[in-house]
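Structure, as structure tokens:
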Amino acid sequence: MSINAIDDCIDDWNNLQKEYAVLEDDFNTYRKQLDHLYVLQEKSQKIIKHQKRRYQLILETFKKNENNLSLSEQDAVKDIKEKIAQRQDNFKQMGDNLPRPSGKLLTCVLGPISVSLLKKSERFKYKDEYEKFKFICIIITLLFSFVNLFILETRFLDAIFHFMLLWYYCTVTLREHILMHNGSRIKGWWVFHHYISCVLSGILLIWPDGHVYHLFRRQFMAFSLYLSFVQVLQYYYQRGCLYRLRALGEKGNMDITSEGFQTWMWRGLTFLIPFLFLGHFFQLYNAYTLYRLSYHEDCFEWQVPASGFVFLLLFLGNFITTLLVIQHKISKTINQQSNKKL
Ligand code: COA
């Protein structure tokens with residue numbers, strides 16, 4: 001090695017040492033601030049808890065004595081009640097920025113760790129990543145079901161497909177619990193729907209190869225292909241909502257008032273909903289086919305009526321919940337329009 005190369009290395013080393021000294025200082029500051037942050041988090045949590053408890057006691061006392069108040073006391077009580085309501089809102093906002101204990105399911109699966117995302121930007125990033133993850137899995141499912149439907153027909157490949165779906169639904173369910181813990185308004189049914197889908201994938205995975213399985217498999221692969229297509233449409237709609245709400249700065253606020261957003265949402269929904277309903281009726285058709293197959297002379301497997309029942313459950317839950325979501329959105333839009341006119 002030449003002398004020049006060694007000199008370069010020594011210069012480089014000296015520069016790196018200076019950089020390391022700065023890093024050490026920064027890291028020590030970071031450690032101290034992190035410790036301080038934990039102390040402040042704990043202190044804030046304790047004070048919020050204490051304040052909430054005391055406010056509750058004050059409200060209870062007001063309630064007990066509401067009939068024995070003088071005029072001046074009534075004014076003071078009214079004023080305090082308004083301020084307490086204001087404080088409750090403030091506590092909620094503070095709570096969004098403090099770690100919260102995870103629910104039973106998350107604690108059971110992940111152990112006693114905090115999954116609270118403390119910054120709005122972190123929550124957005126997690127939701128965005130969840131949507132991207134679903135999209136990648138949907139594309140794989142779409143291709144896989146296409147191959148299974150039109151190119152290859154082996155029980156082994158089908159089993160890999162069912163296993164992949166099982167893994168996907170388990171993962172999505174866990175992520176949805178984390179999203180809900182961080183303030184997402186996902187309806188309970190959609191999470192439950194993914195639990196049921198896990199069960200369905202499990203049943204299909206262990207359904208023994210045989211005549212009845214082959215009578216149903218093409219229909220199931222066609223359904224999976226169609227479902228993946230609908231989920232791609234759903235992805236573009238949900239992602240559009242997420243980005244528009246973020247741009248409006250209203251994420252996490254239930255009162256979405258922007259007219260532009262409403263127009264976009266209704267345009268998206270009007271396009272998406274016929275495909276969703278078609279998917280629901282495909283689920284009902286699967287339930288019907290499986291019901292018929294359960295009376296087939298070669299049918300000895302319990303998986304046939306069981307999966308038929310699960311498809312029926314999925315149809316009922318998805319159809320009713322989607323109707324309720326649409327009804328809720330219509331009444332919200334009407335309310336907002338009439339409020340605007342007033
Ligand atoms: N799965 C997971 N999350 C869902 C969801 C679903 N099916 N539907 C809504 N959400 C989430 C939204 O992303 C939003 O989350 P956020 O609070 O973190 O932003 C929250 O739930 C509230 O959404 P909401 O305003 O009620 O509905 P939307 O406008 O986002 O979507 C539909 C409405 C009808 C398009 C949607 O609920 C849907 O696609 N439902 C049909 C699903 C289905 O039937 N699948 C099977 C097809 S065969």
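The values are calculated or read from the model by the stated rules, or taken from the named source; none is laboratory data. Remember, predicted model here, so these are calculated numbers, not experimental data. FYI the Cβ positions are ideal-geometry reconstructions off the backbone, even for glycines, and counts take in every protein chain you see.
Brief remarks follow.
- Number of residues in segment 163-197 that are of a type in the set (Lys, Arg) and within 8 Å of the ligand (Cβ to nearest atom) equals 2.
- Hits in segment 194-230 - residues which are touching a His at 6+ places or on another chain (Cβ under 9 Å) and not in a helix (DSSP H, G or I): TRP207
- CYS299 satisfies every condition listed in (1) surrounded by 15 or more Cβ atoms within 10 Å (Cβ to Cβ); (2) part of a helix (DSSP H, G or I); (3) of a type outside the set (S, T, N, Q); (4) away from the ligand (no atom under 11 Å from the Cβ) except (2).
- Residue selection: PHE261 fails the criterion of being under 30 Å from LYS329 (Cβ atoms), near the ligand (Cβ under 9 Å from one of its atoms) and surrounded by 14 or more Cβ atoms within 10 Å (Cβ to Cβ).
Here's the yes/no breakdown for (1) at pLDDT 95 or above; (2) over 16 Å from LEU149 (Cα atoms):
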| residue | (1), (2) |
| --- | --- |
| PHE161 | yes, no |
| TYR168 | yes, yes |
| ILE196 | yes, yes |
| ILE206 | yes, yes |
| GLY210 | no, yes |
| GLN219 | yes, no |
| SER224 | yes, no |
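- In summary, LEU293 fulfils each of the numbered conditions (1) modelled with pLDDT under 85; (2) more than 14 Å from the ligand (Cβ to nearest atom); (3) of a type outside the set (D, E, K, R); (4) surrounded by 14 or more Cβ atoms within 10 Å (Cβ to Cβ) with the single exception of condition (1).
- Filter result (within 12 Å of HIS177 (Cα to Cα) and away from the ligand (no atom under 12 Å from the Cβ)) within segment 109-136: VAL109, LEU110, VAL115, SER116
- Each residue in segment 48-73 was checked for being assigned to a helix (DSSP H, G or I) and surrounded by 12 or more Cβ atoms within 10 Å (Cβ to Cβ), and 8 pass.
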